[in-house]
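Asker: Okay, here's the structure, questions in a sec.
Values quoted throughout were computed directly from the atomic coordinates according to the rules given, and no laboratory measurement underlies them. The structure displayed is predicted, hence computed values, not measured ones. Glycine gets a Cβ as well: all are built from the backbone with ideal geometry, and neighbour counts include every protein chain shown.
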Amino acid sequence: MGGDHGPSILVPGVARAAETTPDLRFLLHGDQTELEAAAAKCKPLQGRCEIRHTERVIGMDEKAAQAMRRGKGTSMWNAIETVKSGEAAAAVSAGNTGALMAISKLQLRTVGEVRPPLVVDWPGEAGVTTVLDVGANVDCDAKRLLEYAIMGEAYHRAVHGVARPTIGILNVGAEDQKGHEDVREAHRLLRENDLGLDYRGFVEGSDFTKGVVNVIVTDGFTGNVALKTAEGTARFILAELRAALTSSLMSKAGALLASGPLKTLRDKLSPDPAAPLLGLNGLVVKSHGSATSKDFAGAVRLAANLARSDFAAEIDRNMKRLTAAVAADEAAPAAEGVSE
């Protein structure tokens, strides 16, 4: 029921996912009348979806605290509840991001004390780069950045099949002495502790599209600014191209001939609109509020791929290793002081 367009776009998106993944079944939560009307137009959903009615819906502009107070019984709450009970393998929503994060954490809890990040796949010269956090947590200390490195690596391996993903921390320069204290400390911990990660050091904003590393780790403030900047730049470039290609009869003819490559360019310029919430005891994927049916289908397929993978168990194992490594690192100075 969420997003900018609701069932009229999201239900056809589910149907598109159903066409390419025939083993999936779906629970659609929300207003039964609206959902039935939308599903009736989608042949791939016939016999493969069940509608769970509720009149209660969380608005796109509601504050997270308000959504939490009245969340129970809403379509978003009910969807996540089926993940908690094990009835569903994952929940996918294009609704209110803050509410989705808050309700997911309340119902599913987190792995340890993790604050779940949002992760996106960033298009580039050598395929895609996994970037996290892109908006869930504005402030991140060194330990939080290490957690994101672990989660980003497991995610990239599960979704993109890279056996040993490479990792970098976003900074204002590649030199060790640059950046604020938290990124420098995270850099040191990754260098000095054997966490089994292929850490390559600091990367810069210009490296997002170069494929320098498979996973880029940053805080939610910086990541969200970068994401929105990329989306805005993509829209600007496409708008300028559209204006140039419709400025005369001859350019319009050229645009018609080049429509296929131009569509490919449009799709490649924008980061993936599906962002899983990592670090939860259950799978939740956030689709962009302005998602098209194609975008939402991609979010559903991503959720299915993650559900089939071992990435959640891998994160849990590596988090335990991180806890032990950080404890040993913190104890080392004290031990040295006693020996002196």
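Asker: Given Cβ point charges of +1 (Lys, Arg) and -1 (Asp, Glu) and nothing else, what value in debye, to the nearest 20, does the dipole of the chain about its Cα centre take? If you can, show how the numbers build up before the last one.
Answerer: Details: 39 positive and 43 negative charges, 282 e Å.
It comes to approximately 1360 debye.
Asker: What ranking, highest mean first, results for peptides 311-322, 140-151 when packing means the other Cβ atoms within 10 Å averaged over each residue?
Answerer: 140-151, 311-322
Asker: List the relative contact order of the chain as a percent without decimals, with contacts defined as Cα pairs under 8 Å and 6+ residues apart.
Answerer: In percent, rounded to a whole number, it is 23.
Asker: Also, quick follow-up: Quick one: of Lys41/Lys72; Lys43/Lys294; Lys63/Lys286; Lys63/Lys294; Lys105/Lys294; Lys105/Lys320, which pairs are farther than 26 Å apart, Cα to Cα?
Answerer: Lys41/Lys72; Lys63/Lys294; Lys105/Lys294
Asker: Arranged by the count of other C-beta atoms within 10 angstrom, fewest first, what order do Val159, Val225, Val14 take? If you can, show how the numbers build up before the last one.
Answerer: Numbers: Val159 19, Val225 14, Val14 25.
Least crowded to most crowded, the residues run Val225, Val159, Val14.
Asker: Along its principal axes, what span do the Cα atoms of the stretch 75-142 show, with the longest given first and each in whole Å?
Answerer: 40, 28, 21
Asker: Sticking with this structure for a sec: Taking just the alpha-carbon atoms of the chain, what radius of gyration and Dmax come out, in angstrom?
Answerer: 21.6, 83
Asker: Could you rank the peptides 48-55, 76-83, 93-100 by their average count of other C-beta atoms within 10 Å per residue, with the highest value first? Mind showing how you got there, number by number?
Answerer: Values: 48-55: 15.0, 76-83: 22.5, 93-100: 24.6.
The densest-packed peptide leads the list: 93-100, 76-83, 48-55.
Asker: Which ordering of Asp198, Asp4 is given by a fewest-first count of other beta-carbon atoms within 10 Å? Mind showing how you got there, number by number?
Answerer: Values: Asp198 14, Asp4 11.
So the residues, fewest neighbours to most, are Asp4, Asp198.
Asker: What is the fewest-to-most order of Asp182, Asp310 by other Cβ atoms lying within 10 Å of their Cβ? Before the final figure, lay out the partial values.
Answerer: Details: Asp182 17, Asp310 11.
Listing Asp182, Asp310 from fewest to most nearby Cβ atoms yields Asp310, Asp182.
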